[in-house]
1. Has region 159-170 got at least one residue that is without any contact (Cβ under 8 Å) to a residue 24 or more places away in the chain and of a type in the set (A, V, I, L, M)?
2. Give the residues of region 132-158 that are under 23 Å from residue 186 (Cβ atoms) and either in contact (Cβ under 8 Å) with a residue 12 or more places away in the chain or surrounded by 21 or more Cβ atoms within 10 Å (Cβ to Cβ) (or both), sorted by residue number.
3. May I ask you to list the residues in region 36-47 that are surrounded by 11 or more Cβ atoms within 10 Å (Cβ to Cβ) and outside any helix (DSSP H, G or I)?
4. Would you mind telling me which numbered condition in (1) crowded, with 23+ Cβ neighbours inside 10 Å; (2) within 30 Å of residue 288 (Cα to Cα) residue 175 fails?
5. Collect the residues in region 200-210 that are touching a helix residue (DSSP H, G or I) at 6+ places or on another chain (Cβ under 7 Å) and either part of a helix (DSSP H, G or I) or modelled with pLDDT under 95 (or both), keeping them in residue-number order.
6. Going through region 217-244 one residue at a time, which ones are in a loop (DSSP other than H, G, I, E, B) and touching a residue at least 60 places away in the same chain (Cβ under 8 Å)?
7. Among the residues of region 132-191, write down those that are charged (D, E, K, R) and assigned to a helix (DSSP H, G or I).
8. Of the residues 20, 60, 91, which single one is modelled with pLDDT of 95 or more and either buried (at least 17 other Cβ atoms within 10 Å of the Cβ) or assigned by TED's automatic domain parsing to the domain that holds residue 242 (or both)?
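The values are calculated or read from the model by the stated rules, or taken from the named source; none is laboratory data. Small disclaimer: the values here were computed from a predicted structure and weren't measured. FYI the Cβ positions are ideal-geometry reconstructions off the backbone, even for glycines, and counts take in every protein chain you see.
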Amino acid sequence: MGVLIGLGNSRQLLLVQLFLNGLNISLDIYFAGVLDWGVEGIALGTIIAEWSTVIFAVWLIMRELNSRRERGSEFWPRSRLLDGAALKKMLAANRDIMIRTLLLVFSFGFFINQSAQFGDIVLAANHILLQLISFAAFFLDGYAFVVESLVGSSLGAKRRDSFDIAVKRSSILALVTAAVLALLLLLFGDSVVAVLTDIEPVQAAAQGSLFLAAIYIFFSFAAFQLDGIFIGASFTRQMRNAAILSIAVFLAAWWILMDRFGVNGLWWAMIIYVAARADALLLFYPALSKSIDA
């Protein structure tokens, strides 16, 4: 998936995802439902689907790379593959993104842990709302994937014009999409929650926090977009530093707000956190923007 995103080949990426999920669903139904193999059947179906997709995706990538290779050139140039400086840079980028991702995972884990302080009903309600937020993230992440590829291509070619267009257009589309998703949650959130659980106290708790979840979804687009821009530009160290800054803001907001405002304070801390993620990245954005002209 990372290679296909980097190559800007979203059509093949979609094909790989459809192949993976279609095969996985079909095999799970057949092994567990038809042959009655239970959990073992689901596990076997998933293994076969995952490895079949690896083979299929590698074939697609090899074909794509071969079509881009200069005639007569080596397909696996050892000097480039074993370039110590490039390997060191890649490992450093992986380390930075890993730290950033661990902090992001920690923030949601911490939110769930604090939700449990209010009892099982609030915990279940917040878990449902996080599922809706995750669903919205699929839409917003798509723009981030697109801008990753376009920003990387623009920086490589030193094209200021294409960089500015990619950032502006994808950000406008992400903003509009986030606004629509937040509005849909406000309009139809009650019905969606009722579908996800038939436990009335949980329904009431989740429906009471829908407005806050909608605010979170609206503000989250900026963090997604900037993540995509920074990954595309390989500004991973700045992403790591921004993640550290924003998690500090989150914990401070939680400490100040939750005791005073309860579960609403916890939600506002999360909203402040997702806004802080974007603000922290914006601190480093001028340096990223200048790098295209360097």
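1. To start, the set of residues in region 159-170 that are without any contact (Cβ under 8 Å) to a residue 24 or more places away in the chain comprises 161-162, 164-166, 168-169.
Applying the additional criterion that residues be of a type in the set (A, V, I, L, M) yields 165-166.
Within region 159-170, one or more residues are without any contact (Cβ under 8 Å) to a residue 24 or more places away in the chain and of a type in the set (A, V, I, L, M).
2. Narrowing region 132-158 to residues under 23 Å from residue 186 (Cβ atoms): 132-143.
Residues satisfying the conditions are 132, 133, 136, 137, 139, 140, 141, 143.
3. 37
4. Checking residue 175 against (1) crowded, with 23+ Cβ neighbours inside 10 Å; (2) within 30 Å of residue 288 (Cα to Cα), the one that fails is (1).
5. Our first condition is that a residue be touching a helix residue (DSSP H, G or I) at 6+ places or on another chain (Cβ under 7 Å); within region 200-210, this holds for 201-203, 205-207, 209-210.
Selection gives 201, 202, 203, 205, 206, 207, 210.
6. Pass one, region 217-244, residues in a loop (DSSP other than H, G, I, E, B): 233-235.
Correct list: 233, 234.
7. Step one: list which residues in region 132-191 are charged (D, E, K, R), which gives 141, 148, 158-161, 164, 168-169, 190.
If the condition is that a residue be charged (D, E, K, R) and assigned to a helix (DSSP H, G or I), then 141, 148, 160, 161, 164, 168, 169, 190 are the ones that fit.
8. Details: 60 fails: modelled with pLDDT of 95 or more; 91 fails: modelled with pLDDT of 95 or more.
Step by step, each of 20, 60, 91 is checked, and only 20 is modelled with pLDDT of 95 or more and either buried (at least 17 other Cβ atoms within 10 Å of the Cβ) or assigned by TED's automatic domain parsing to the domain that holds residue 242 (or both).
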